[in-house]
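Notes follow once the structure below has been shown.
The values are calculated or read from the model by the stated rules, or taken from the named source; none is laboratory data. All values reported here derive from a predicted model rather than from experimental measurement. Neighbour counts run over all protein chains shown; Cβ positions are idealised from the backbone, glycine included. Quick note on the areas: whole protein, heavy atoms, side chains included, nothing else; ligands and nucleic acids left out. Shrake-Rupley method; radii C 1.70, N 1.55, O 1.52, S 1.80 Å.
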Amino acid sequence: MHRYIPHTDEEIKEMLKEIGINSIEDLYVDVPKTIEEYNLENGKDEFSILKEIKSLSKLNKVFEPEKVFAGAGIYFHYIPTVVETLSNNQNFVTAYTPYQAEVSQGTLQALFEYQTMMCELTGMDVANSSMYDGATALAEAMLMAVRINNKTKILAAGSINPEFLATSKTYCTPQNIEIETVKWTESGTIDLEDLKSKIDDNTSAVVVGYPNFFGIVEDLKQIKEILPDNVVYIVVSEPIALSILEAPGKFGADIVVGEGQSLGITPNYGGPGIGFFTTLAKHVRKMPGRIIGETKDVDGKKGYVMILQTREQHIRRAKATSNICSNHALMALKNAIYMSVMGPEGLRKVARMSYNAAHYLAEKLVEKGYNLTFNGPFFNEFVFNAGENYYEKWKTMANEGILGPLPLEKAMPNFKNFALACCTEVNTKESIDELLKHF
């Protein structure tokens, strides 16, 4: 092991002495040398390993997209074949994150187009060329808010995706940034009175969902009207919904972030997703990630370059806005191709079909005696009381090939026997009616 450590023996002894131990092995005294009942078999040949892995893969549940009614931030949408065909071109696919000067003009232009379309969707001035996922995009938005006004209290609607909030706390807590949640009302929207009572001189930002985790569409204008001028307004959005909802930028949002998986990326076991991040031009120097700009070369020809990349490997570490790679270029390319192929009207049609399917399901559940939890306007997701032992019913449906509405108890313990139902354009009337037989 020592041969791979680029330090002299004297330097190693000096460092060990500083932390009060005698050897490198002492660093690992708390790691058990053996784990009870965990014995590795002897190595096998490649043929045997492949055979075993293939047999294990058959244990996975595979659901037809039209029979999936769980959303909560990751969604099934139909993806035109051209998206995969173009994005899998070997000139785009690389294990290396394209962010240095050698990035090709093709990749730079694709990212520039991606940024442009995200600005159009959100109504904001500037977009970066992607983040890891929606959760880290929100976390970085909170850090950016603190950089803008040097205040350390964030008020986040309790109706934000719980995983987004958990990730944000992981980012913010070590930096002494407090995240306090705001209650929701019977309509599922943020409680404006509770919000007013919690805003103080140390409030850096207010975060709301649009739609929120419950699928409810917040009144962004009403929220903006009660915010002090120096409080940063952060909106977490779902991009398909933005094709029919008014853009957050029209209601005074300072930062709009979210998960872009629904724009041409298949749901997978944990990723990859893509975080989008947009803001106002006046905040651009505080924004993490990289921005692609359009320019002209010495011959006057159009070209694309990275005009801003405030990562610590490019500037002094103390001035860096982010130390993550802040880039999912291949996923951004897929987003760009999907949005280009669908066009504004195509996106609106997908959104309308998703809206109609979810409202059809909600109406039928109400007819069967199930109660919707919130009475506010919703897009393509809604919460309802699914009755006693819903989790057992959910597992039964899964065994029959239906991934039913998501049991909320795991994400939100106070919601035992409640479910979050979701529909998109891939859910047909026939598949919805098949789901309803289980209720």
> Using a probe of 1.4 angstrom, how much of the accessible area of the chain is carbon and sulfur, in percent?
Replying inline: 52 percent
> Out of M142, M15, M118, any idea which swings most in a Gaussian network model of the chain, alpha carbons joined below 10 Å?
Replying inline: M15
> On full extension of the chain, what length is gained from E388 through K250, given 0.36 nm per residue of separation minus the C-alpha to C-alpha distance?
Replying inline: 45.4 nm
> If you plug each phi of region 364-374 into the Karplus form 6.51 cos²θ - 1.76 cosθ + 1.60 with θ = phi - 60°, what whole-Hz ³J(HN,Hα) values come out, in order, with x for Gly and Pro?
Replying inline: 5, 5, 5, 4, 7, x, 8, 9, 6, 6, 10
> Label 7 Å along Cα→Cβ of K44; region 53-78 residues with amide nitrogen under 12 Å?
Replying inline: 53-57
> Of L227, L121, L56, which is the most mobile in a GNM of the chain whose springs link Cα atoms less than 10 angstrom apart?
Replying inline: L56
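Quick check: residue separation of T396 and E367 times 0.36 nm, minus the Cα distance between them. What number comes out in nm? Please report the intermediate quantities before stating the final value.
Values: separation 29, 0.36 × 29 = 10.44 nm, distance 2.26 nm.
Additional length available on full extension: 8.2 nm.
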> What residues of region 20-49 lie in the reach of a label at S55, counting those whose backbone N is under 11 Å from a point 7 Å from the Cα along Cα→Cβ?
Replying inline: 48-49
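Return the loop-located chymotrypsin sites (Phe, Trp or Tyr not before Pro) in region 215-275 (DSSP other than H, G, I, E, B) with at most 12 other Cβ atoms within 10 Å of their own Cβ; answer none if there are none.
Values: sites: Y233, F251, Y269; in loops: Y269.
Answer by residue number: Y269.
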> What nm distance separates the two modelled labels at K301 and K349, each placed 7 Å from Cα along Cα→Cβ?
Replying inline: 3.7 nm
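Quick check for you: with a 1.4 Å probe and neighbouring chains kept, what is the accessible area per residue of region 231-281, in Å²? Please list the in-between numbers first.
On the way: 1270 Å² over 51 residues.
Roughly 25 Å² per residue, with all protein chains present.
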> Which whole-Hz couplings ³J(HN,Hα) result when phi for each residue of region 296-301 is put into the Karplus expression 6.51 cos²θ - 1.76 cosθ + 1.60, θ = phi - 60°, listed in order with x for Gly and Pro?
Replying inline: 10, 7, 5, 9, x, 8
> For the chain, which longest stretch is free of loop sites, where a loop site is one of the trypsin sites (Lys or Arg not before Pro) that DSSP puts outside H, G, I, E and B and that has at most 16 other Cβ atoms within 10 Å?
Replying inline: 62-182
>> Once each part is reduced to its C-alpha centroid, what is the distance from region 280-307 to region 110-147 in angstrom?
In response: 15 Å
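Semi-axes of region 1-79's equivalent ellipsoid from the Cα gyration tensor, sqrt of 5 times each eigenvalue, largest first, rounded to whole Å? Each step should come with its number before you reach the end.
On the way: eigenvalues 439, 106, 45 Å².
Its equivalent ellipsoid spans semi-axes of 47, 23, 15 Å.
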> Only one of the listed values, [x] 24.4, 78; [y] 21.3, 71; [z] 27.5, 89, was derived from the coordinates as Rg and Dmax of the Cα atoms in Å; which label is it?
Replying inline: [x]
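Nearest 5 percent is fine: what portion of the DSSP beta bridges confined to the chain is antiparallel? Display every interim value, and only then the final one.
Numbers: 25 of 46 bridges.
If I count the DSSP bridges inside the chain, around 55 percent turn out antiparallel.
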>> Among A281, A362, A419, which one shows the highest mean-square fluctuation when the chain is modelled as a Gaussian network with alpha-carbon springs under 10 Å?
In response: A281
> Which of the GluC sites (Glu not before Pro) across region 139-232 are loop residues per DSSP, with 11 or fewer other Cβ within 10 Å?
Replying inline: E186
>> For K67, give me every one of the lysines with a C-alpha distance below 27 angstrom, ignoring sequence neighbours fewer than eight places off in its own chain.
In response: K54, K58, K334, K349, K364, K368, K393, K395, K410, K416, K429, K437
> Each residue of region 144-151 in order: what ³J(HN,Hα) in whole Hz does its phi give by Karplus 6.51 cos²θ - 1.76 cosθ + 1.60, θ = phi - 60°, with x for Gly and Pro?
Replying inline: 5, 4, 5, 5, 5, 10, 6, 10
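Which value, in Å², gives the accessible area per residue of region 284-425 when a 1.4 Å probe is used on the protein heavy atoms?
Working: 7190 Å² over 142 residues.
On a per-residue basis, region 284-425 sits at 51 Å².
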> log10 I(q)/I(0), Debye, Cα-only region 1-154, no solvent, q = 0.08, 0.10, 0.20, 0.21 Å⁻¹?
Replying inline: -0.61, -0.93, -1.29, -1.36
